[in-house]
Every structure is written in C-alpha cells, then in structure tokens.
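What follows is calculated from the coordinates using simple rules that are stated; it is not laboratory data. Values in this document were obtained by computation on a predicted structure and should not be read as measured data. Here Cβ is always computed from backbone atoms with ideal geometry, including for glycine, and neighbour counts include all displayed protein chains.
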Amino acid sequence: MALNNLNDNDRRKGLEKARQVRKKRAEIKEQLKKGKTNIRSLFKNQKLIADYISNMKVISLISAIPGNGRVNALKILKELKISPNKKIGGLGRNQKKNFYNFFKIT
C-alpha cells in the first residue's frame, strides 16, 4: 500500500485537525478530573463519542475519573477483562456491556 504524498496545505490541515482532537481529548480528561462532568454524561453525546472518545484508550479515560489513578484503573480493567491497550471504540460487545454496567451507563 503506497502512501499518498500530501502537499504542504493538506499536511497542515491534517496536522491542525490532529492538534484539535488532542486538545479536545485533554479537555475531556481535565473535566473528568475536576468533576465538571462524569463518564455517564460523556457517553450520552454520540457525536462526542464518535469524534473524540472512541479513539481514546480505556485506561486513560478511567484514570481521569476522580479517585482513580493508573493502578486502580488497571484493577478495573482486569476485572472487566479489558486489555490496557484497548481503545473505547475497539471494545467488543461483551466488554462494552461490562464497561457500561460497571459505570452505570444507560
């Protein structure tokens, strides 16, 4: 599979879009850490999930919840039988069901 050679303008647009996505993910994690939002409200917004959350690693999302550090997040993932490298969008049907049940997401 050959890579497309992008011109400078297309490359800048791609880099800018990637920067905006990273910034939004950081904002989401910061809001979780400060308690301004909770995980249930994040998963009610389908556009937010599709654009930003689906490509976040599960461990980084769980670690951002107040009272959960990386160690506790790893324990939760082990209990839910989810790999620490898994992204939200890559969860299987049973993993997603267990994740939603654990965090009481409807």
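What Kirkwood hydrodynamic radius, in Å, does segment 14-58 give when the mean of 1/r is taken over all pairs of distinct Cα atoms and then inverted?
Radius from the Kirkwood sum: 11.0 Å.
Let me know the whole percent of all Cα-Cα pairs from the chain that are separated by more than 25 Å.
In whole percent, the share of Cα-Cα pairs in the chain beyond 25 Å is 27.
Report the full-extension gain for the segment residue 11 to residue 27: residue separation times 0.36 nm, less the Cα-Cα distance, to one decimal in nm.
3.3 nm
Please state the charge dipole magnitude for the chain, taken about the Cα centre, from unit charges on C-beta atoms (+1 on K and R, -1 on D and E), reported in debye and rounded to the nearest 20.
That gives the chain a dipole magnitude of about 280 debye.
For segment 47-106, what is the charge dipole size about the Cα centre, in debye to the nearest 20, if Lys and Arg each add +1 at the Cβ and Asp and Glu each add -1 at the Cβ?
Charge dipole of segment 47-106: 180 debye, to the nearest 20.
Going by average Cβ density within 10 Å per residue, which order do the peptides 88-96, 9-17, 67-75 take, highest to lowest?
Sorting 88-96, 9-17, 67-75 by mean packing, highest first, produces 88-96, 67-75, 9-17.
With contacts defined as alpha carbon pairs under 8 Å and 6 or more residues apart, what's the relative contact order of the chain in percent?
Worked out over the chain, it gives 25 percent.
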